[in-house]
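The structure under discussion appears below in the form of structure tokens.
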Amino acid sequence: MIASDNRSGDDARFYVDGRWEERSHAARIAVVNPFSEEIVGHVAAGSSADVDLAVAAARRAFETFSRSTVDERLALLGRVLALLEERAELFAQAIVTEMGAPIGFARSAHVPFAIAHVRTQMEVLRHYKFLSIEDGFAISKEPIGVCALITPWNWPLYQITAKVAPAIAAGCTVVLKPSELSPYSAQLFAQVMHDAGAPAGVFNLVGGTGEVVGAALAAHPDVDMISITGSTRAGVLVAQAAAATVKRVVQELGGKSPNLFLDDADFEQGVAKGVLAGMRNAGQSCSAPTRMLVPESRLAEVEALALAAVSGITLGDPRNEKTSMGPIANAAQYARVQAMIASGIEDGARLVCGGPGRPDGLGRGYFARPTVFSDVTPAMRVASEEIFGPVLVVMPYRDEAQAIAIANDTVYGLGASVQSGDRNRARRVAARLRAGQVHINYPAWNGHAPFGGYKRSGNGREYGVHGFEEYLETKAVVGY
């Protein structure tokens, strides 16, 4: 099968040291289309030996690539950018197949936002000062080394470029382990890196499970840094495995983000936007604003507005351009969403819409009913645990102080939103929220704004210059 045209099917290859390597004797991992629930192909399950080969290639390449010039790295990233734009539709189709994103959303969000990460890192690289002179010493920023990058299934291409682009911009070399549940976009990306002329060993791809490949990368003594996007549980395991070699660990993990409506917010527009923000990508976003905090006096109004917003969602075949919500990406996550909806009912949350089971008219596929709970209290599981599905909880509050307390009453701290007609008031509230990125009144996505978590949502930052600097070491040269 030709890698540049691979959207599904069997592909037992890894990309190591500048070439595709066949692993025909490796164990196979089935890839399931979440719409049809059918196996559409298999990929190879990597081993610790595969990791050793990829890391060795990256280590050899680092000696030269770490000394490459800014112009050389800009040229490489520019070629990557051009190829991603040229092959955008291939990536969109792959994402539909492997994780069920609607084709319209894949074309309008998954792929263009992924491409934007490359463009953003080129902008950062053009202006970054790698050497600065202080009073009696110099500060040199240098590439950290071999970077292991572990990416998730929910935004497969987006998370790849969010990690690979800054690593390459910094002069690091890479071993990528994509999710085995959504591997096709990663294989297409590896072909882009090859066709863009990445020097051998600068970019490597080894597929497989977190338990084997992820663990081997985290513990590997020749890996200088590991960056993982995934569940908090996975992030903890990676950090524990990495501790023995004292490598840098950057984690972008779970979230339970509040969307705090102050009493002067535009409820008519804001509630609908909040529902759609919480449920976009079928709710499978770590920063999704899935806790809607509203004044108790406005609860009935919010429920009606939320119900109206959900009624406008079109579920169905993700290949149909009219579909706005596809299936949950895999069977395990579908079961998790169903269990959490059941727990909300058991804990006494009031269903505004949705509930357990598939939506009417959809007899196959991992489809969950877009669900809104109201009268939710912080003690309920649906208020405290990450669901990762199209489930929104509406939580009433008495006053601003209680609203802020509820917003911060979580082990997570990835994202938060504030809605208010008074921007200064919104800024004041935003300053009190314990989250790595706060949105005021639904701003446009910005690839330069740093993204990452407080508390159990992770360590370190991605995007823009802050994400770029995660891939750099700081050297002080005294007497420079």
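The values are calculated or read from the model by the stated rules, or taken from the named source; none is laboratory data. Just so we're clear, the structure is a prediction, and the values are computed from it rather than from any experiment. Cβ placement follows ideal geometry from the backbone for every residue including glycine, while neighbour counts extend to all protein chains displayed.
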Margin query: Given the criterion in contact (Cβ under 8 Å) with a residue 40 or more places away in the chain, out of contact with any Asp or Glu (no Cβ under 6 Å at 6 or more places or on another chain) and buried (at least 19 other Cβ atoms within 10 Å of the Cβ), identify the matching residue among Gly464, Gly436.
Written below: Gly464
Next item on the list: Taking only the stretch 384-403 into account, find how many residues are more than 21 Å from the chain's Cα centre (by Cα) and surrounded by fewer than 22 Cβ atoms within 10 Å (Cβ to Cβ).
Entry: 7
Next item on the list: Starting from residues that are in contact with a helix residue (DSSP H, G or I) (Cβ under 6 Å, 6 or more places away or on another chain) and buried (at least 24 other Cβ atoms within 10 Å of the Cβ), keep the ones in the stretch 255-279 and report whichever is nearest to Ser324 (Cα to Cα).
Entry: Val275
Notebook entry, point to check: Checking Asn408 against (1) closer than 30 Å to Val175 by Cβ; (2) out of contact with any Asp or Glu (no Cβ under 6 Å at 6 or more places or on another chain), which single condition isn't satisfied?
Noted result: (1)
Check: Of these, Val124, Val118, which one is under 27 Å from Val465 (Cα atoms), in contact (Cβ under 8 Å) with a residue 60 or more places away in the chain and among the hydrophobic types (A, V, I, L, M, F, W, C)?
Finding: Val124
Notebook entry, point to check: Conditions: (1) assigned by TED's automatic domain parsing to the domain that holds Gln121; (2) farther than 21 Å from Arg233 by Cβ. Gly421 meets all but one. Number of the miss?
Noted result: (1)
Note to self: Looking at the structure I just gave you, is Thr323 part of a loop (DSSP other than H, G, I, E, B), over 23 Å from Asn33 (Cβ atoms) and assigned by TED's automatic domain parsing to the domain that holds Leu293?
What the structure shows: no
Note to self: Only one of Thr229, Thr209 is crowded, with 24+ Cβ neighbours inside 10 Å and either touching an Asp or Glu at 6+ places or on another chain (Cβ under 7 Å) or not assigned by TED's automatic domain parsing to the domain that holds Asp375 (or both). Can you tell me which?
What the structure shows: Thr229
Check: From the list Ala309, Ala368, Ala342, Ala282, which residue is surrounded by 24 or more Cβ atoms within 10 Å (Cβ to Cβ) and in a helix (DSSP H, G or I)?
Finding: Ala282
Notebook entry, point to check: Which residues, counting only those in the stretch 131-157, are buried (at least 23 other Cβ atoms within 10 Å of the Cβ) and of a type in the set (Phe, Trp, Tyr)?
Noted result: Trp155
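Which fully enclosed strands (runs of 3 or more DSSP E) of the stretch 1-109 have 2 or more residues being under 24 Å from Asp195 (Cα atoms) and not charged (D, E, K, R)?
Ranges flagged: 13-16, 38-44.
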Check: Which of the residues spanning the stretch 94-151 are farther than 20 Å from Arg461 by Cβ, of a type in the set (S, T, N, Q) and touching a Phe, Trp or Tyr at 6+ places or on another chain (Cβ under 8 Å)?
Finding: Thr97, Ser140
Next item on the list: Would you be able to say whether some residue in the stretch 299-311 is under 20 Å from Pro396 (Cβ atoms), without any contact (Cβ under 8 Å) to a residue 60 or more places away in the chain and not aliphatic (A, V, I, L, M)?
Entry: yes
Next item on the list: Kindly list, by first and then second residue, each pair from a residue in the stretch 355-380 that is in contact (Cβ under 8 Å) with a residue 40 or more places away in the chain to a residue that is outside any loop (DSSP other than H, G, I, E, B) and among the charged types (D, E, K, R), limited to pairs with Cβ atoms under 7 Å and residues at least 6 apart or on different chains.
Entry: Ser374/Glu303; Ser374/Arg350; Asp375/Arg350
Item checked: Sole exception among (1) at negative phi; (2) in contact (Cβ under 8 Å) with a residue 40 or more places away in the chain; (3) surrounded by fewer than 24 Cβ atoms within 10 Å (Cβ to Cβ) for Glu21, by number -> (2)
Margin query: Ala234 - would you say it is under 22 Å from the mean Cα position of the chain (by Cα) and surrounded by fewer than 24 Cβ atoms within 10 Å (Cβ to Cβ)?
Written below: yes
Check: All but one of (1) in a loop (DSSP other than H, G, I, E, B); (2) over 22 Å from Val275 (Cα atoms); (3) not basic (Lys, Arg) hold for Val465; which doesn't?
Finding: (1)
